[in-house]
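Student: First the structure, which I've put down as structure tokens, then a few questions once you've had a look.
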Amino acid sequence: MKKYPPGTFIYFLEYFPELFERETRKVTLSEEMFGLPAGLYFLLESYCADKNCDCRKVMINVVLEDNIPNVSDTIGFGWEDEKFYSKWVGDEISGGQMVGV
């Protein structure tokens, strides 16, 4: 398996290319919204590449079909509470920023 630098997130499809079509979610904006132009967007999940990491986070890159591979926006989600992330990173401020969306 390929080695990545610490803190690297890799796309789900790199590990499971056969599931890409079935598992990738798409959103269609029929008009401009939230500063994003109308169009079809792919929500591409990426996870921490370090198998020993316990960050419990997902990064979702929002990619406009007509603008691949450029990322329009990124949604980060941590499913643990602030206490977990503050302890994990050793910093209350950063820990608070890693919780939820």
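Student: Quick one: Karplus J couplings for segment 78-90, per residue in order, coefficients 6.51, -1.76, 1.60, θ = phi - 60°, nearest Hz, x for Gly and Pro?
Tutor: 3J(HN,Hα) across segment 78-90, in whole Hz: x, 8, 9, 7, 4, 4, 4, 5, 4, 5, 4, 8, x.
Student: If you don't mind, there's one more thing I want to ask. In whole Hz and in residue order, list the ³J(HN,Hα) couplings for segment 2-11 that follow from phi through the Karplus curve 6.51 cos²θ - 1.76 cosθ + 1.60, θ = phi - 60°; x for Gly and Pro.
Tutor: Result, ordered by residue: 5, 8, 10, x, x, x, 7, 10, 10, 5 Hz.
Student: List the aspartates and glutamates whose Cα sits under 13 Å from the Cα of Lys87, skipping any in the same chain fewer than 8 residues away.
Tutor: Asp54
Student: A follow-up question, please. Determine which residues of segment 62-81 fall in the zone a paramagnetic label at Thr28 would reach in this model, i.e. backbone nitrogen under 18 Å from the point 7 Å along Cα→Cβ.
Tutor: Counting only backbone N, you get 63-67.
Student: With each run of n ≥ 4 DSSP H residues scored as -39500 (n - 2.57), what mean residue ellipticity at 222 nm is computed for the chain after dividing by its residue count and rounding to the nearest 500 deg cm²/dmol? Display every interim value, and only then the final one.
Tutor: Working: 4 runs with 22 residues, N = 101.
Taking each H run of at least 4 residues, the total per residue is -4500 deg cm²/dmol.
Student: In whole Hz, what ³J(HN,Hα) sequence does segment 61-76 give by Karplus (6.51, -1.76, 1.60; θ = phi - 60°), x for Gly and Pro?
Tutor: Once θ is set to phi - 60°, the couplings for segment 61-76 become 8, 9, 10, 6, 3, 6, 10, 5, x, 5, 7, 7, 6, 9, 10, x Hz.
Student: To continue, here is another question. In the set [x] 21.8; [y] 16.9; [z] 15.1, which value of Kirkwood radius over Cα pairs in Å was calculated from the structure you see?
Tutor: Among [x] 21.8; [y] 16.9; [z] 15.1, the one calculated here is [z].
Where a number appears in this text, it was derived from the coordinates with a stated rule and is not lab data. Bear in mind the structure is a predicted one, so any value in this text is a computation, not a measurement. Cβ: placed from backbone, ideal geometry, glycine included. Neighbour counts: every protein chain shown.
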